[in-house]
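Q: Pasting in a structure now, in structure tokens, and then I'll have a few things to ask.
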Amino acid sequence: MPDLLLYLHAIVATGISAVVVTLAIGKKRTPGGTSRNQAACILATAVGLMVGYGVLEFQPNWPPTNGLDRFLTILVPAVIVIEILAIVARVPSWFAWLLRIVLGAISGRVLLHGSVYLNPDMGEWTAIQAWAVLALSGVLLIAEWLLLSELARRSEGRSITLTLSFATLAAGIAIMLAGYIKGGAATLPLATACIATTIGSCFRAGSTRMQPIIGIAIIGLFGLTGIGRFFGQLSMVDALTVVLAPLLCWVTEIRPLLRPLHGRPTWVIGLLRLVFVGIPLVVILIMAKQTFDREMAPLLGML
Amino acid sequence: MRRLSSAFVLTVMAGMTLGLAENSAVAADDYAFDMVHSSVSFKARHLDISWIHGRFNEADGKFSLDRENPEKSTFELTIKADSIDTNNKARDEHLRQPDYFDTKQFPTIEFKSTSTKAIDGGYEVTGDFTMHGKTKKVTFKLMGGKELEFRGTKRVGFSTELSLKRSDFDFDKKNIGLIGDAAIILIDCEGVRK
């Protein structure tokens, strides 16, 4: 059964630790954003994740034995290292993107390692189907990473990290309602850390593209949704909706809307993005709740 | 000369026949599970007030019985975890997820014996039980072993009951509570001699 009080503790602990680290390490308002502020965001997110998963008593195995272990011990550290390299080590932008693309391309393979999906003898997928799914999921992840990063370059990036975080939260709730409690709970520290870091960054820098947090949030969203889809009971429609919903942020850039939004404060544009992305997420959650009431709720009294 | 040759050949042939017979007498008998007449079921406590019953509908196994040297007998069982059936579709799907059996990651539950000892009424079997990615040594009493020939086929049956704790096999400890940690596994198998 979900332990709502424990989840609340995890959310509060994650949020406070992420904000504190962002404020402690980041420099006060400087126009254009600095490497230090971006590094502070990465560190704050990492600390928030460790605190949050610690409160939830997540103890991944090493070597990892299941999808969630592989997500927590391989994918999350990998994206944090890549984003740190991009900022602190000042690697060329093309090299940082090469690393991101490689990570996006192998994420599916890492998550499904050792599962029935990659073993044709188990009858779940043929070898061709497995390659097709891995290729498609990699392409979707990389494309969304590129598109949202480009959007953050063109305009303010905080609303993008917020929409990614809310999509992750929606995925977590849907995964829980479908019956995989721990998988759904895993989204809480990730989404909270990204949200808290985003909020903290408002007090530490001028406009910031939030590129590092976009990377962590996208890997988190795709990773955890993939776990919920392929190991839990999250439907394909729900999974695709939550991972692709943040792309609706681009709606504010389409021509018919550009003129009315021109000159508006960034918070208005950010709010519009949250609304556009929020609509399909709310629909998903309503449907997930209906399915839960029909199929799982009676079980709670019987199980 | 011809009589000597014939006697020699007969002697050699007799010796070979005796040798083969001797080997047959000590060879183990191999049996394959007849799943139509076998079952793997379990029960676990619910809220510590009642029992939930379930079964695995797909399993396969084999065993080799050496009645002359029981310690050479071997037993193997492979259960398809996805075939779990508690007579409730929603619960079965819930049990297949990572909070419980994680059947997409760990599709089979397996047992392979490592040592066997004859006891009164059956065998005491020790072996490696692998479930949820974790392997543990288990020992249980396998009662039965009576062989019967039915319509030209030799059959032998065994029964056993063993208790296993989910926490010993890396199941999520947070999901232990509503359903008890220990589950009682009941295996009834009938083997058909190959």
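The values are calculated or read from the model by the stated rules, or taken from the named source; none is laboratory data. Just so we're clear, the structure is a prediction, and the values are computed from it rather than from any experiment. Note that we place each Cβ from the backbone using ideal geometry, even for glycine, and neighbour counts take in every protein chain shown. Protein only, heavy atoms only, side chains kept; ligands, DNA and RNA dropped before computing areas. Shrake-Rupley method; radii C 1.70, N 1.55, O 1.52, S 1.80 Å.
Q: Could you say which residue among A:Ala217, A:Ala196, A:Ala205 is in contact with a helix residue (DSSP H, G or I) (Cβ under 9 Å, 6 or more places away or on another chain), at pLDDT below 90 and surrounded by 24 or more Cβ atoms within 10 Å (Cβ to Cβ)?
A: On inspection, the qualifying residue turns out to be A:Ala205.
Q: Scan the stretch A:109-133 residue by residue and report those that are in a helix (DSSP H, G or I) and away from chain B (no Cβ under 14 Å).
A: Answer for the stretch A:109-133, where residues must be in a helix (DSSP H, G or I) and away from chain B (no Cβ under 14 Å): A:Arg109, A:Ala127, A:Ile128, A:Gln129, A:Trp131, A:Ala132.
Q: So which residues in the stretch A:25-61 are within 14 Å of chain B (Cβ to nearest Cβ) and either touching a helix residue (DSSP H, G or I) at 6+ places or on another chain (Cβ under 6 Å) or of a type in the set (Lys, Arg) (or both), if there are any at all? Let's see the steps before the verdict.
A: Of the stretch A:25-61, the ones within 14 Å of chain B (Cβ to nearest Cβ) are A:53, A:55-61.
Those that are within 14 Å of chain B (Cβ to nearest Cβ) and either touching a helix residue (DSSP H, G or I) at 6+ places or on another chain (Cβ under 6 Å) or of a type in the set (Lys, Arg) (or both): A:Tyr53, A:Val55, A:Leu56, A:Pro60, A:Asn61.
Q: Restricting to the stretch A:217-273, name every residue that is of a type in the set (Phe, Trp, Tyr) and touching a residue at least 24 places away in the same chain (Cβ under 8 Å).
A: Those that are of a type in the set (Phe, Trp, Tyr) and touching a residue at least 24 places away in the same chain (Cβ under 8 Å): A:Phe222, A:Phe230, A:Phe231, A:Trp250.
Q: When the residues of the stretch A:261-282 are filtered to those that are open to solvent by 70 Å² or more (accessible area, probe 1.4 Å) and hydrophobic (A, V, I, L, M, F, W, C), which remaining residue is farthest from the other protein chains (Cβ to nearest Cβ)?
A: Of everything passing the filter in the stretch A:261-282, A:Trp267 is farthest from the other protein chains (Cβ to nearest Cβ).
Q: Are any of the residues in the stretch A:21-40 modelled with pLDDT of 95 or more, of a type outside the set (Phe, Trp, Tyr) and open to solvent by less than 30 Å² (accessible area, probe 1.4 Å)?
A: no
Q: Being more than 17 Å from A:Gly232 (Cα to Cα) and surrounded by 15 or more Cβ atoms within 10 Å (Cβ to Cβ) is true for just one of B:Phe56, B:Phe101. Which residue is that?
A: B:Phe56
Q: Follow-up. Could you list, in sequence order, the residues of the stretch A:133-161 that are open to solvent by 20 Å² or more (accessible area, probe 1.4 Å) and at pLDDT below 95?
A: Listed by number, the residues that qualify are A:Glu150, A:Arg153, A:Arg154, A:Ser155, A:Glu156, A:Arg158.
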